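> My structure is below; once you've seen it, I'll send some questions.
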Amino acid sequence: MTRTSWRTRKKHASHTWRAILAGRDVLTKGLVRRIGDGTTTSIWREKWIANHFSGRQISSETQEVQLVSDLLTPSGQWNESLIREIFVHFDAEAILRTPCRGLNADTWSWAKEKHGMYTVRSAYQMLNDDRCRLLQGDGPGSSSDGD
């Protein structure tokens, strides 16, 4: 398929398909990992740090640790000394504030609700907040990002 025909097809995608794609983007933006045992959450690739730069750290990636489980002690608590050694102060503090549930599995959760369940209201509010920030000149990656 040529690039031109793909663009034409995209333009003529059904309203339903465009809505599905838009919904997928909203979910991707609002979902965050809730940490249990940390064995299924990538430190460097997934959003998992509560209320911190859209759920991601700003420290540079290191090969020393890959999964959130690498940052936990055998009892399921944060390994504070390791975290402070690997991450910049700001990231380390945010990680240590992030709840972990020890032996339970990691799960996906809707970040915009305390109970973690998706609501249309909270998704609409998230999109509206983003729109207001863009109109004010703050980019989505700015420090005022409320995630």
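> How about the stretch 112-141: which of its residues are among the aliphatic types (A, V, I, L, M) and assigned to a loop (DSSP other than H, G, I, E, B)?
Result: 117, single match.
> How many of the residues in the stretch 73-84 are outside any loop (DSSP other than H, G, I, E, B) and either closer than 15 Å to residue 58 by Cβ or in contact with a helix residue (DSSP H, G or I) (Cβ under 9 Å, 6 or more places away or on another chain) (or both)? Show your work before the answer.
Residues of the stretch 73-84 outside any loop (DSSP other than H, G, I, E, B): 78, 80-84.
Now restrict to residues that are either closer than 15 Å to residue 58 by Cβ or in contact with a helix residue (DSSP H, G or I) (Cβ under 9 Å, 6 or more places away or on another chain) (or both): 78, 80, 82-84.
Residues flagged as outside any loop (DSSP other than H, G, I, E, B) and either closer than 15 Å to residue 58 by Cβ or in contact with a helix residue (DSSP H, G or I) (Cβ under 9 Å, 6 or more places away or on another chain) (or both) within the stretch 73-84 amount to 5.
> Kindly evaluate residue 16 against the criterion of being surrounded by fewer than 17 Cβ atoms within 10 Å (Cβ to Cβ) and either assigned to a loop (DSSP other than H, G, I, E, B) or at positive phi (or both). Full working, then the answer.
Working: surrounded by fewer than 17 Cβ atoms within 10 Å (Cβ to Cβ): yes; either assigned to a loop (DSSP other than H, G, I, E, B) or at positive phi (or both): no.
For residue 16, the condition - surrounded by fewer than 17 Cβ atoms within 10 Å (Cβ to Cβ) and either assigned to a loop (DSSP other than H, G, I, E, B) or at positive phi (or both) - is not met.
> Quick one: count up the residues across the stretch 85-111 that are under 16 Å from the mean Cα position of the chain (by Cα), closer than 12 Å to residue 72 by Cα and assigned to a helix (DSSP H, G or I).
Here the count works out to 1.
> Can you run down the residue pairs with Cβ atoms below 7 Å, 6 or more apart or on separate chains, where the first is in the stretch 93-120 and free of Cβ contacts under 8 Å to residues at least 24 places away in the same chain and β-branched (Val, Ile, Thr) and the partner is in a loop (DSSP other than H, G, I, E, B) and surrounded by 14 or more Cβ atoms within 10 Å (Cβ to Cβ)?
Between residues of the stretch 93-120 that are free of Cβ contacts under 8 Å to residues at least 24 places away in the same chain and β-branched (Val, Ile, Thr) and residues that are in a loop (DSSP other than H, G, I, E, B) and surrounded by 14 or more Cβ atoms within 10 Å (Cβ to Cβ), the close pairs are 119/113.
> Let me ask another. Please work out which residue is farthest from the chain's Cα centre (by Cα), limiting yourself to the stretch 37-52 and to residues that are over 18 Å from residue 110 (Cβ atoms) and surrounded by 17 or more Cβ atoms within 10 Å (Cβ to Cβ).
Of everything passing the filter in the stretch 37-52, 37 is farthest from the chain's Cα centre (by Cα).
> Out of 65, 32, I need the residue that is over 16 Å from residue 109 (Cα atoms) and surrounded by 14 or more Cβ atoms within 10 Å (Cβ to Cβ). Which one? Write out each step before concluding.
Numbers: 32 fails: over 16 Å from residue 109 (Cα atoms).
Residue meeting the stated conditions: 65.
> Further question: Within the stretch 5-25, count every residue that is at pLDDT below 80 and aliphatic (A, V, I, L, M).
Summing the residues that are at pLDDT below 80 and aliphatic (A, V, I, L, M) in the stretch 5-25 gives 1.
> If residue 60 satisfies every condition in (1) farther than 26 Å from residue 126 by Cα; (2) modelled with pLDDT of 90 or more but one, which is the exception?
It fails just one condition, (2).
> Name the residues in the stretch 68-98 that are surrounded by 14 or more Cβ atoms within 10 Å (Cβ to Cβ), among the polar types (S, T, N, Q) and over 14 Å from residue 50 (Cβ atoms), would you?
69, 79
> Return a yes/no flag: does the stretch 99-116 have any residue that is buried (at least 18 other Cβ atoms within 10 Å of the Cβ) and farther than 24 Å from residue 22 by Cα.
Yes; the residues of the stretch 99-116 include at least one that is buried (at least 18 other Cβ atoms within 10 Å of the Cβ) and farther than 24 Å from residue 22 by Cα.
> Out of (1) without any contact (Cβ under 8 Å) to a residue 12 or more places away in the chain; (2) under 15 Å from residue 37 (Cα atoms), what's the single condition that is false for residue 78?
Condition not satisfied by residue 78: (1).
The values are calculated or read from the model by the stated rules, or taken from the named source; none is laboratory data. All values derive from a computational prediction rather than experimental measurement. Because the Cβ atoms are built from the backbone with ideal geometry, glycine has one as well, and the counts that use them run over all protein chains shown.
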